[in-house]
Amino acid sequence: MSLVSRIEALATRIGQECKLLWADVNDKEPTFSKNSAFNKNFGADAGTVCEGNDSRLNNNRTPTDTSVSYLKVASDLTGRTTDNDGSWDFNANGIIDAAFSSGATTVSFSNLKQNKVLKMKLVITNSATFTLPAYCTILEGSAEASGNDGTYFLYFDCWEDASGSEEVLVTISKAAS
């Protein structure tokens, strides 16, 4: 075998050995200290990195700073509307301005939301009357607002929203004349 043939065979053999060596090296994890910023283990325990649908990844976390402001609170808590028909959506706004100007109105609520408070300014004229749903319990004030002209402030606090077990606590105050 000539010297050139031997050199070519050696070069081929070295190339094959290098490919095998690089394949082995590419399969190895680099060696450096564990738990650095670049080498955390995945998992659900403290000190591990979240991945996929980890229960720690949700938008229902309680803020730990003052990043929640009045402007960021949901509009169903801060919104205000005028609604005179007596059919009030508990989930739509936080404040309702209403007026009953004559006759009788049977009040109804939709979309009760447990632990939500709905505030209302109600103006009654012409001896208009209203009837609250049976699941409403008046804690303070009285239903004397019904049929008595004046301005009243009503606070509806949804204690229970489960269908068939609804419970709304009511406070009624008459505005100073």
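Structural remarks
- Members of the range 153-167 found to be part of a strand (DSSP E or B) and more than 20 Å from Asn84 (Cβ to Cβ), listed by number: Asp157, Cys158, Trp159, Glu160, Glu167
- Picking from residues in the range 123-177 that are among the aliphatic types (A, V, I, L, M) and surrounded by fewer than 13 Cβ atoms within 10 Å (Cβ to Cβ), the one that is farthest from the chain's Cα centre (by Cα) is Ala176.
- Listed conditions (1) surrounded by fewer than 13 Cβ atoms within 10 Å (Cβ to Cβ); (2) among the small types (Gly, Ala, Ser); (3) modelled with pLDDT of 70 or more are all met by Ala92, apart from (1).
- Filter result for Leu122 (in contact (Cβ under 8 Å) with a residue 40 or more places away in the chain, touching a strand residue (DSSP E or B) at 6+ places or on another chain (Cβ under 8 Å) and of a type in the set (A, V, I, L, M)): no
The values are calculated or read from the model by the stated rules, or taken from the named source; none is laboratory data. What you see is a predicted model, and the numbers here were worked out from it, not measured in a lab. In this analysis, Cβ positions are derived from the backbone assuming ideal geometry, glycine residues included, and neighbour counts consider all displayed protein chains.
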